[in-house]
Ligand SMILES: Cc1cc2nc3c(=O)[nH]c(=O)nc-3n(C[C@H](O)[C@H](O)[C@H](O)COP(=O)(O)OP(=O)(O)OC[C@H]3O[C@@H](n4cnc5c(N)ncnc54)[C@H](O)[C@@H]3O)c2cc1C
Ligand code: SF4
């Protein structure tokens, strides 16, 4: 962890000189911020028709000649060794091509753990099938390749294995006794103390000191993890993956298999939902190894159970939030501490204390994260890791404080609104949280709420309203390059190895590039999802839109001077320099002299060129060094709780967001809504049942792992302030994750208002309300 | 999945002939059996597809209704006579599973679907139902959805069907046939309590095929309903469900009542004790509560499912209140 921090710091320093002026702290905003063009309009998803027609090929659908199908066998103990392993019956099944176990698996280096290097993508650093050791219940112990999936699946059931068990750490409660501070929490310190918060709490006029529990969650993207892989005759490796980390996966695989990055090509044009889960897990590595051993292309497509066993999800936490307040509501102490379950082989401490670092003003802070080591599948990122469940605890506690003081919870938040970032002291680049509250309250009808719990009832149904703050950081990932190619026909092709997981990435980037180049969107294409293209950044941390936009801007800044070099003396642009011109109407023109304009087509044909390309790397994300950059929102919820059965149903929901400039209202609304729906699952139904006796996940199926179904989801209203952040490319913030944050608390607070019962332990199932 | 042979039976005689063989299983819509075969929990050598048999719903002269075992769940729920005369059954079916599953699922398969106990589904776990004598991992494990009534130290699983709860309340009769002959059995007697042998779930003889269910004429069943309490609004098994039929006389007394509970036991649970406590008593909340208490007197909680006792009590009272209000 320290390595990555140091490396990042060094990169930052060298990059300062390269960053364009306008993103340097105090620089001028992106000129597109004020422009109205394709950006800001509700362009439908350009991948939509292909998906509806079934023409979009996902990783498990890519054809390959002579391909075999993989099935995995999972361990049934959490820790120990394989004592006996009998695969005779498996080998004998007709159609079986290969049985791979630790005995014959090729030697592979362990995956480089995500964040151990800026390029690493490994979800865990555990070696993959290299010896007889078992590290978690569900770890793959054999791979069967067969001519059909059914043959492989059947043969997998015939593997006979016995184990020598060792004592495993599978109880979170027990492991918390040895909880320890991680080196860092995603590059941030694990602990922040300002003043003496415990002392301030003890002296405070009003005190809230509560413990909250959140359970494990499993990823349940509609597309289970899959890959189709093969080795070319010349030793090059082709991987059709479902991934949100193309370049990281390539670099990490190169390390595992001892290849050069250039020898590997990863393609992932469509991903059926990522949410943080589509990274590098065992299945791709095993498929590649088995393909090498068998000499055949391999398809691995995890069953739903496989997704639960092989890829991790959100980890469980125990969090304490304590607030000390004066009579006027201002905070003298804000304490948010807690423990998350993790493994010794990964680095995902679930940054639940991050919201408290930036949301509210207080005189003193104590913010601390610990981890407890368990033997389990490596936990990982899952939509707003940390912020989703951190806001559950923090925003529930704020509501408890408001209630205990007889204050409206929105009014309390007004009183603790900070003027600058409360822990870093940085200025906010853009913060309109109170505006989002005001708009949301107005539209939701918050004033109709009766602050007294249990005051509203219709028949059996108790009705309540709750509110909570949503927050998620602005991130832009370092690295990444884009290439723009302009053709004589006046078309632009933009390329960057980025990811489309259904969010609308390609659509929005076409819109942005069209405005950047002064072209209609029909004249712009965006190529992505292939490591043969200029390198992209990860699709994580809601960072991709800004990261790509920054790279495209950099490329356009190279393209303009290159174009000007082509213009001859006869051009209306003759003698102009890059600073004099702007892209508009399918060409370049002088900023203030309309007649001095020439179209791209004309420039290129005059110069006798078919096309011109420019490629450039995005500048380092220095904006986050100087400013506190975050998105915000106010989540409003109305619930109905059945007084007889305790069943909770959401009757209304509204999210009011402050997330920079909204680039495409249609795709944005869908991201906000999708986040809220996932938040309703977090609030009411989702829980991975991890058996503390065995470390085994007991509900690895969508029949038993309850995500919200249609009937659980009411009409969800989403609105936004649409206020550009002057320090972000396009003025935009990422919006993929903000939607889920605050939802858990908004629901819990509404349940309290409906019933008078505080549920501090998610999910809010009916047994907790009886 | 373990390889198996497949035959489609055109009539009951062919089906039972094929079904007598060791290792044979009848196949309905496959929505439960095929899932279990994929998990290798079920490993039949031979599947005898009986979805081609008896797909009729017939109203008979005596007022009873015969529903063929191969009728799809959706077709039962949509049938006019069912909707009008036995609303409890239509509601129970529609509260179960999803539209797609109900379109596939048959009456016979629904009755014989197996428990959703997570340890039964996972062959890494100990389960007496799967491997007699192996032990039961649910007793000290996740058992929030498990039984509060009629469980044994060997098994605490529940029968998951909604439809069967309504059938139990209505006093449905199951028509059976094998090569030895045909017979009938009340639905409430078809399923067993686990006792020492949870692997034996029904009183079916080897190779016995369900050919039909018969709903007795029960004119007062027009006032019947089903209420299912679950973890999400749809597409979740019952934590507790109540099927009830109430006949209230003009003077506010309970003339007759049928009550059955789901999600609480190894079988659809006909609440005989509650019924007895209600007959001839006032249709009042106090009596409903006393009846619920009587039924739940022997209820025993496990680690995670104690809430079900209170939930069942409340749901019984609410459902009876609702029906009493309707008939007032
Ligand atoms: C995700 C999911 C959710 C569900 N939710 C619910 C729910 O909420 N409520 C609910 O009640 N159910 C629910 N179900 C279960 C569903 O109702 C059953 O799977 C279905 O009714 C089984 O019918 P089938 O015809 O598909 O049976 P099959 O799977 O074909 O067979 C089931 C069993 O019945 C036997 N069988 C079938 N027909 C006959 C016959 N005529 N004679 C003798 N034996 C026979 C088979 O041998 C097998 O043992 C759910 C299922 C799934 C997968
Ligand atoms: S409750 Fe019954 S089905 Fe579940 S594990 Fe125990 S014996 Fe098996």
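Each reported figure results from applying straightforward, stated rules to the coordinates on display, with no laboratory input. Predicted, not measured: the structure shown is a model, and the values here were computed from it. Quick reminder, even Gly has a Cβ in these numbers, built from the backbone with ideal geometry, and neighbours come from all protein chains shown.
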message = So for each of B:84-93, B:246-255 I average, over its residues, the number of other beta carbons within 10 Å; can you give me the resulting order with the highest mean first?
response = B:84-93, B:246-255
query = How big is the convex hull of the Cα atoms of segment B:226-327, per residue, in Å³?
reply = 91
ask   = Which of B:40, A:164, A:741 comes first, and how do the rest follow, when ranked by fewest Cβ neighbours within 10 Å?
value = A:164, B:40, A:741
remark   = Only helices counted: for chain B, with every DSSP H run of 4 or more residues adding -39500 (n - 2.57) and the sum spread over all residues, [θ] at 222 nm is -8000 deg cm²/dmol
inquiry  = At 7 Å along Cα-to-Cβ for each site, give me the label-to-label distance between residue A:203 and residue B:22 in nm.
reply    = 8.4
ask   = How long is segment A:59-165 along each principal axis, judged by its Cα atoms, biggest number first, in Å?
value = 44, 39, 21
request  = Specify whether the C-alpha gyration tensor of segment B:5-51 places it in the rounded, prolate or oblate class, a ≥ b ≥ c being the square roots of the eigenvalues: rounded for a/c under 1.5, otherwise prolate if a/b is larger than b/c and oblate if not.
outcome  = oblate
Computed lengthening from residue B:81 to residue B:253, 0.36 nm per intervening residue step minus Cα-Cα distance = 59.2 nm
task = On a 0 to 90° scale, report how tilted helix B:285-296 is relative to the longest principal axis of chain B, with both axes built from alpha carbons and the result rounded to the nearest 10.
result = 30
request  = Run the quick spin-label model on residue A:102 and residue B:35: label points 7 Å from Cα toward the beta carbon, then report their separation in nm to one decimal.
outcome  = 3.4
request  = Could you work out, residue by residue across B:313-320, how many beta carbons of other chains sit within 10 Å of that residue's beta carbon, and then give the average as an integer?
outcome  = 2
request  = Could you check which residue among B:34, B:156, B:82 shows the biggest mean-square fluctuation in a GNM of chain B with a 10 Å Cα cutoff?
outcome  = B:34
request  = Can you tell me the FRET efficiency between residue A:327 and residue A:761 if r is taken as the Cβ-Cβ distance and R0 is 35 Å, rounded to the nearest 0.05?
outcome  = 0.70
ask   = Can you give the Rg to Rh ratio for segment B:110-242, taking only C-alpha atoms and Rh from Kirkwood?
value = 0.99
ask   = Counting DSSP beta bridges in segment A:478-620, what percent are antiparallel, to the nearest 5?
value = 80
query = Which length gain, in nm to one decimal place, applies between residue A:178 and residue A:64 when the Cα-Cα distance is subtracted from 0.36 nm times their residue separation?
reply = 36.1 nm
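Can you give the relative contact order of chain B as a percent, counting alpha carbon pairs under 8 Å and 6+ residues apart?
18
As a footprinting exposure proxy, order A:249, A:157 by other Cβ within 10 Å, with the fewest listed first.
So the residues, fewest neighbours to most, are A:157, A:249.
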ask   = In the protein assembly as shown, what % of DSSP beta bridges are antiparallel (nearest 5)?
value = 75
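Rank-order B:120-131, A:638-649 by packing density, defined as the average count of other C-beta atoms within 10 Å over each peptide's residues, highest first.
Most protected by this proxy first, the peptides run A:638-649, B:120-131.
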inquiry  = Under the rule a/c < 1.5 gives rounded, and otherwise a/b versus b/c splits prolate from oblate, where does chain B land using the Cα gyration tensor?
reply    = oblate
key: segment B:226-327: relative contact order in percent, alpha carbon pairs under 8 Å with at least 6 residues between   = 25
task = Run the numbers on segment A:410-501 and let me know its relative contact order in percent, using alpha-carbon pairs under 8 Å that are six or more apart.
result = 12
query = Of the peptides A:497-503, A:617-623, A:87-93, how do they stack up when ordered by the mean number of other Cβ atoms within 10 Å, highest first?
reply = A:497-503, A:617-623, A:87-93
request  = Using Cα centres only, tell me the gap between segment B:273-311 and segment A:88-126 in whole Å.
outcome  = 56
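Can you pull the mean other chain C-beta count within 10 Å for peptide A:690-697?
Numbers: counts 1, 9, 2, 4, 5, 0, 7, 2.
The per-residue average across the peptide is 4.
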task = Could you check the simple spin-label distance between residue A:666 and residue A:52, using points 7 Å along Cα→Cβ, in nm with one decimal?
result = 1.0
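Using only C-alpha positions, report the orientation-averaged shadow area of the convex hull of segment B:21-103, nm², one decimal.
6.7
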request  = Kindly identify segment A:478-620 as rounded, prolate or oblate by the Cα gyration tensor criterion: order the square roots of the eigenvalues as a ≥ b ≥ c, call it rounded if a/c is under 1.5, otherwise compare a/b with b/c, prolate if a/b is larger, else oblate.
outcome  = prolate
ask   = Counting partner chain Cβ atoms within 10 Å of every residue's Cβ in B:220-232, what's the average?
value = 3
message = Run the helix sum for chain A: -39,500 (n - 2.57) per DSSP H stretch of 4+ residues, divided by residue count, reported at 222 nm to the nearest 500 deg cm²/dmol.
response = -7500 deg cm²/dmol
message = Multiplying the sequence separation of residue A:715 and residue A:92 by 0.36 nm and subtracting their Cα-Cα distance, what value in nm do you get?
response = 218.8 nm
remark   = For segment A:147-304, the Cα gyration tensor yields equivalent-ellipsoid semi-axes (√(5λ), largest first, whole Å) of 43, 22, 16
ask   = FRET efficiency for residue A:261 and residue A:558, Cβ-Cβ distance as r, R0 = 22 Å, nearest 0.05?
value = 0.40
ask   = What Rg and what Dmax come out for chain A when only alpha-carbon atoms are used, in angstroms?
value = 26.9, 84
ask   = Among B:142, A:672, what is the fewest-to-most ranking by other Cβ atoms within 10 Å?
value = B:142, A:672
key: Cβ-derived FRET efficiency at R0 56 Å, residue A:165 paired with residue A:234, nearest 0.05   = 0.80
